[in-house]
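The values are calculated or read from the model by the stated rules, or taken from the named source; none is laboratory data. The shown structure was predicted, so the numbers you read here are calculated from the model rather than taken from an experiment. Quick reminder, even Gly has a Cβ in these numbers, built from the backbone with ideal geometry, and neighbours come from all protein chains shown. Each accessible area value is taken on the protein alone, full model and side chains, heavy atoms only, with ligands, DNA and RNA left out. Shrake-Rupley method; radii C 1.70, N 1.55, O 1.52, S 1.80 Å.
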Amino acid sequence: MKKPICAILACLMLLSLAACKGKDPAGPAPTAAPTEQAALTAEPGTTLSPADIQYTGDLSYDPETDYDPRFGSFMTVVIDEGDYFYWHENGCYIRYCDKEGGDWGVLCGKPECVHDNGNKHWHNNECNGFMGEIGALVWKYEDKIYYVNDWEGRPGESLGALYRMNLDGSGHEKLGMMPEVCGSFDEAMWPQCFYCHRGLLYTRTLYNDVVAGEPIQRTGYYAMNIDGSDQKIIYESADSFYGFMTFMGEYCYVLDYSDHEVGEDEYEIWIKMMRWSPNTGKTELIYEGADMQRPNEGELFMRDGDVYCPSLFVMHEGKRAVMRFHEGKWEELLNFDDPEKRWTVICVSDGIAIARNFLETDPESEGYDRKARESADIDIWIKDFDGNTLYKGKLPVGWTELEEVPSPMRLLRFTPFGDSSTFYMLFTVHSNDTVDMWEVELFVRYDITENGLEETVIGVAAGGPIKD
């Protein structure tokens, strides 16, 4: 592994956030802050090692208040609201779609609005559903959609404007300005995403810095009230290159990745898995080492105190198994061994694991095929957590024939999630025109039946050349 640019300086802080330079860290108060916020611990605790952990806590799941463990990918926000999904695609608008299909669009309560005018890239600041290219700074709380309009932020003053609206797109209102997240580094951090869980807001942040002439990337994980007030530090690091947060019961779980020196100019990926409870104010280190499975955001699933994720990636082979972290140890739960074909796990969700046909990832390898990697010709294998095969065969892709989908097209990415009866995929496809390249996003439902997979398109965010 190449030598990291990060200096090794990890620090765990469980005190209230220090103020940013020359300003109040709470920032301007919103004009109408949400009520009945869950209280954060006034006196933070200490860091506990795995051997010291005795507090079990609440590990239950309440869909009314808890972050949905199926939606771990920060590339797209998905909110499950019974018969409908809300999703903020990798573009500018928040959208809704009926799970049965046939009813989708931009979430905007203004009947006279043209919304995106048929082009997800078009910037319409007058549309209530227009949020801009803000990443995953969108969440649901108490039957309202909240988001941070970060282009209204002012360095040294605020992160951006805090907005909310009703689930039907009406009642769009600006609550005020969101305070910056500063951490103990005395500089404003930049949130990569927000997560809402049990009445609290959580964020992972980054800040590029230079220490003693060496560039480093600072990473912080924080909890706060919905309006950004009363910020607390969960964990901070000055040497991590990747990390994310997920949730189970009362706990916020943090996975933080860094380069760990094992010899001269030799490094391995070192992982810390921690959990923090607002009820105890303690951050518990439940795993530390280099042999963890190294999941990406969106590949992890939590249930009943256990953690599920794909096995370690092996060059030229992929991720062949699903691992479970149970009672402090990693164990293989199931695998996708096949004498005829290589498979790699792409999703661990609510009681299921999904693998696809492995495609070589190394561009220098003889077997690397870029066209195959960009093709919608995908073999899929679905198993439940007991190891039973639910489906094995081609993934139906009738959606490629829709008029909104460019032809020829390139598959950029797809994000799956679901359970043992139904799973969903969010596809992003590009046109194959390198001069005027644009993209379309599609939300597709797959029902697992005795006759195979039944495909239903439930949402489309159409693209096209940028319109003035």
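Radius of gyration over Kirkwood radius for the range 51-154, both on Cα atoms: the Rg/Rh ratio is 1.07.
Compute the Cα gyration tensor for the range 317-417, then decide on rounded, prolate or oblate, letting a ≥ b ≥ c be the square roots of its eigenvalues: rounded whenever a/c is under 1.5, prolate when a/b is larger than b/c in the other cases, and oblate in all that remain. Because a/c hits 1.5 or more and a/b exceeds b/c, the range 317-417 counts as prolate. Taking amide hydrogens as placed 1.01 Å from N in the peptide plane, the amide H of Ile216 sits under 5 Å from those of Asp209, Val210, Val211, each at least 5 positions away in sequence or on another chain. Exceedance of the 24 Å cut-off in Cα-Cα distance is limited, within the set Lys272/Lys392; Lys144/Lys174; Lys232/Lys329, to Lys272/Lys392; Lys232/Lys329.
Sorted largest first by accessible area at a 1.4 angstrom probe radius, with every protein chain in place, the residues Arg164, Arg370, Arg303 fall in the order Arg370, Arg303, Arg164.
Overall, the accessible surface of the range 259-418 at a probe of 1.4 angstrom is composed of carbon and sulfur to the extent of 42 percent. Dividing the mean sequence gap of close Cα pairs (under 8 Å, 6+ apart) by how many residues the chain holds gives a relative contact order of 15 percent.
Computed with the Debye formula from one identical point scatterer per Cα of the range 86-211, without solvent, the log10 of I(q)/I(0) at q = 0.16, 0.18, 0.22 Å⁻¹ comes to -0.82, -1.00, -1.37. Using a/c under 1.5 as the rounded threshold, could you call the range 343-468 rounded, prolate or oblate? The axes a ≥ b ≥ c are square roots of the C-alpha gyration tensor eigenvalues, and prolate needs a/b larger than b/c, oblate otherwise. Judged from the Cα gyration tensor, the range 343-468 comes out oblate (a/c at least 1.5, b/c at or above a/b).
Given a 1.4 angstrom probe, I'd like the percentage of the accessible area of the range 75-167 that is carbon and sulfur, rounded to a whole number.
Carbon and sulfur together cover 43 percent of it.
Over the range 167-274, the reciprocal of the mean inverse Cα-Cα separation, the Kirkwood hydrodynamic radius, stands at 15.5 Å. Placing +1 on the Cβ of every Lys and Arg and -1 on the Cβ of every Asp and Glu, with no other charges, gives the chain a dipole of roughly 500 debye about its Cα centre.
The Rg/Rh ratio for the chain is 0.95, where Rg is the radius of gyration of the alpha carbons and Rh is the Kirkwood radius.
Ranking Gly263, Leu206, Cys309 by how far each Cα lies toward the positive end of the dipole of the range 186-343 (charges on Cβ) leaves Cys309 at the top. Rounded, prolate or oblate: which one fits the range 218-342, using the alpha carbon gyration tensor with axes a ≥ b ≥ c (rounded when a/c is under 1.5, else prolate when a/b beats b/c, else oblate)? Oblate. The residue list Ala461, Pro416, Pro406 was ranked by how far each Cα lies along the charge dipole of the range 371-468 toward its positive end, using unit charges on Cβ atoms, and Pro416 comes out on top. Applying the criteria of a DSSP loop state and at most 16 other Cβ atoms within 10 Å to the GluC sites (Glu not before Pro) of the range 186-260 yields Glu187. Each peptide in 154-160, 326-332, 278-284 was scored by the mean count of other Cβ atoms within 10 Å over its residues; highest first, the order is 278-284, 154-160, 326-332. Remark: the range 167-240 carries 28 Å² of accessible area per residue (probe radius 1.4 Å; ligands, DNA and RNA excluded). Rolling a 1.4 Å probe over the protein heavy atoms gives the range 287-340 an accessible area of 49 Å² per residue.
In square angstrom, what is the accessible area per residue of the range 358-449 with a 1.4 angstrom probe?
Working: 4410 Å² over 92 residues.
With the other protein chains kept in place, the range 358-449 gives 48 Å² per residue.
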